[in-house]
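What follows is one structure encoded as structure tokens, with my remarks underneath.
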Amino acid sequence: MRKLVHLAVLCLLVLSLGCLGLPQSAIASPMSSADTFSLNNLTLPSSTALIARSSKKSNAADRKLGTEFGKKTDLNNTPMRKFRQYRGFYPTLASKIVNYAKKEGDYKSVEDVLKIPGLSKRQKKLLQKQIDQGNFTVTPRSEIYNAGDDRYNPGVY
């Protein structure tokens, strides 16, 4: 019994040392001590430096989000999921808005959305309310936001 306990303790000790990752000497090519990696010598740029670097670089999508497009719902470019923020729009009215733009071409003005055939009086009232509140905008169709011509599931989660 005593040997079994000693064997169990030895196994646990070997297992714990293996899990801790003792240093091993298996190196693909010889390295000098100056070439070895050490966390003590590792320096990372400060977070303010990262912010300064990232603010200088932007792409077309980020620049457009900084305009009216980022503050309002663009009828020509916004994915259907964004219409969920408006009560009564998702999914039926939102799909009508997206389908009309896909079939008939881009909206030229915000009021063009009221020309969608088959809108009920309630849907027109909902649309007019959002137009009056200034929640919609119209910008030219952009490939950046319509890649793959899929406004139903553009991969934005």
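The values are calculated or read from the model by the stated rules, or taken from the named source; none is laboratory data. Being a predicted model, the structure only gives us computed values, none of them experimental. Using ideal geometry, Cβ is built from the backbone for each residue, glycine included, and neighbour counts are taken over all protein chains shown. Keep in mind that these areas ignore ligands, DNA and RNA; they rest on the heavy atoms of the full protein, side chains included. Shrake-Rupley method; radii C 1.70, N 1.55, O 1.52, S 1.80 Å.
How many of the residues making up the stretch 72-92 are in contact (Cβ under 8 Å) with a residue 40 or more places away in the chain, part of a helix (DSSP H, G or I) and either at positive phi or open to solvent by 40 Å² or more (accessible area, probe 1.4 Å) (or both)? Of the residues in the stretch 72-92, 1 are in contact (Cβ under 8 Å) with a residue 40 or more places away in the chain, part of a helix (DSSP H, G or I) and either at positive phi or open to solvent by 40 Å² or more (accessible area, probe 1.4 Å) (or both). Please give the number of the condition R2 fails out of (1) more than 30 Å from G134 (Cα to Cα); (2) modelled with pLDDT of 65 or more; (3) under 25 Å from the mean Cα position of the chain (by Cα). Unmet for R2, out of (1) more than 30 Å from G134 (Cα to Cα); (2) modelled with pLDDT of 65 or more; (3) under 25 Å from the mean Cα position of the chain (by Cα): (3). So is K103 in a helix (DSSP H, G or I), surrounded by 11 or more Cβ atoms within 10 Å (Cβ to Cβ) and modelled with pLDDT of 70 or more or not? Taking the combined requirement at face value, the residue does not satisfy it. Out of the stretch 106-134, which residues are among the hydrophobic types (A, V, I, L, M, F, W, C), in a helix (DSSP H, G or I) and without any contact (Cβ under 8 Å) to a residue 24 or more places away in the chain? L114, I131, listed by residue number. The condition of being out of contact with any strand residue (DSSP E or B) (no Cβ under 9 Å at 6 or more places or on another chain), open to solvent by less than 80 Å² (accessible area, probe 1.4 Å), at pLDDT 55 or above and not in a helix (DSSP H, G or I) does not hold for S95.
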